[in-house]
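A short reminder: the numbers here are calculations on the coordinates, not readings from a lab. A quick note: this is a predicted structure, and the numbers were derived from the prediction, not measured. Every residue, glycine as well, gets a Cβ built from its backbone with ideal geometry; the counts of neighbours run over all protein chains shown.
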Amino acid sequence: MDLGLEGKAALVTASSEGIGRACALELARNGAGVVVCARREDVLDKAREEIAEETGRQIAAISADLTSARDIDAVIERTVSEFGRIDVLVTNAGGPPSGKFMDFDDAAWTRAFELNLLSVVRLNRAVVPIMREGGGGSIVNLTSISVKEPLKGLVLSNAIRAGVVGLSKTLANELGADGIRVNAVCPGFTATERMTELFTARADREGKTYDEIADGIYATIPLGRFAEPADIARMVVYLASDAARYVTGVTVQVDGGFVKGLL
Ligand code: NAD
C-alpha cells in the first residue's frame, strides 16, 4: 500500500521520546520530512539525529514548551521555513499529573487545560491557513483511551482530553471542504516513561507494589501485552497518509482491546 507520504512535510509535537518520537520516526521512514519539538534540547537533538540517520530524511528540531503560545508560533514558523508547507500535523504533549478529583486546585486544572487542550487548539488553528493554502492536509490529534473509558486516578486526563475529541470532530466537519482531514488517536497503555510514572504514582497512592499495579492492568488487555510506541505510530501514520483519504472525524483507540465498550 502506497501511503503517499514521500516528500510530504510533517510536524510532530512532543516528539523527543515515547509515542511522539515513534510517530516522527515512522513518518520519516515512509518518506516525510519532519519537524520535531520538545522542551529539553539535548534529548530532542538526540532524537533528531537518530531519526535523520536512520531514515536519511530532512529532520529539523526546535525546542518548545507546548504550554506557551509564543513557542507554538515559533514551532509553526520553523516548520514553514524548513519545508515551505505543512501537510501533516500530529499533536502530542506530555500527560497531566495523576490523582483524584479532590487532589487538584484551579492552578492544576489550568495547567492541564493549557498542556492538553489549549496547545491542540493553538496548533490546529495555526496550521489551518497553511494547509488551506497548500490544498489540504491531515491532522492527527493524540489523546488517550481515557476518552473512551475514564481511567482510575486520572481525572485531569479523563476530563480535559474529551475536549480534544469534540474539537477534532468539529474541525473534521468544518474543514472537510478544504481537503483537511482531522482524526484522533487514543493510545492504550504504552511502554514509555509516562507509563512507568503513572504506575509508580498509583502504586504509592494505593499502597501496592509497582508489579501489582502493572499486572492488574495487564490482565485486562485482551492482546496480553502493553503497546510499544510503534504500535500507536503506525495508526497515526496511516491516518496522516493518503491511504486514509476518506477517513475523517474518527477517534480510534490502539489499545490491544483494553476498552470494554462497543465503540
Ligand atoms: P513520554 O513521557 O515518553 O514522552 C512525552 C514527550 O512529551 C517527551 O518528548 C517530552 O519531552 C514531551 N513533553 C512533555 N511536556 C512537554 C511540554 N510542555 N512541551 C513540549 N514537550 C513536552 O510519554 P508518552 O507515553 O509518549 O505520552 C505521550 C502522550 O500520550 C502523553 O500526553 C500521555 O499522557 C499520552 N498517553 C500515554 C499513554 C501511555 O501509556 N504511555 C497512554 C495514553 C495516553
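When the pairs Lys169/Lys260; Lys100/Lys169; Lys100/Lys152; Lys152/Lys260; Lys152/Lys208 are compared against a 19 Å limit on Cα-Cα distance, Lys169/Lys260; Lys100/Lys169 fall above it.
Here the Gaussian network model covers the chain, with springs between Cα atoms less than 10 Å apart; of Arg85, Arg48, Arg125, Arg125 fluctuates the most. Direction-averaged projected area, Cα convex hull, region 151-263: 7.9 nm², rounded to one decimal.
Remark: the Arg132-Asp65 segment gains 21.5 nm on full extension, using 0.36 nm per residue and subtracting the alpha carbon distance. Among the trypsin sites (Lys or Arg not before Pro) in region 190-263, those placed in a DSSP loop whose Cβ has at most 10 other Cβ atoms within 10 Å are Lys260. Under a 5 Å amide H cut-off, with hydrogens placed 1.01 Å from N, Val90 pairs with Leu11, Val12, Thr13, Val140 among residues at least 5 apart or on other chains. Along Cα→Cβ, 7 Å out, is where each label goes; now give me the distance between the ones at Thr200 and Glu49 in nm to one decimal. Reported label-point gap for Thr200 and Glu49 is 2.6 nm.
Annotation: amide H of Gly31 has no partner in the under-5 Å range at sequence separation 5 or more or interchain, hydrogens built in the peptide plane. So which residue, out of Thr67, Thr13, Thr192, gets the largest mean-square fluctuation from a GNM of the chain using Cα contacts under 10 Å as springs? Of Thr67, Thr13, Thr192, the Gaussian network model singles out Thr192 as fluctuating most.
Per-residue ellipticity at 222 nm, computed for the chain from helices alone with -39500 (n - 2.57) per DSSP H run of at least four residues, works out to -14500 deg cm²/dmol. Farthest towards the positive end of the charge dipole of the chain, among the residues Gln58, Gly31, Gly137, is the Cα of Gly137, using unit charges on the Cβ of Lys, Arg, Asp and Glu. Taking the C-alpha atoms only, the angle from helix 41-55 to the longest principal axis of the chain is near 60 degrees. Compactness ratio for the chain: Cα radius of gyration over 2.2 N^0.38 Å (N = residue count) comes to 0.97. A crude spin-label estimate for the pair Arg39 and Glu174, with each label 7 Å from Cα along the Cβ direction, gives 2.9 nm.
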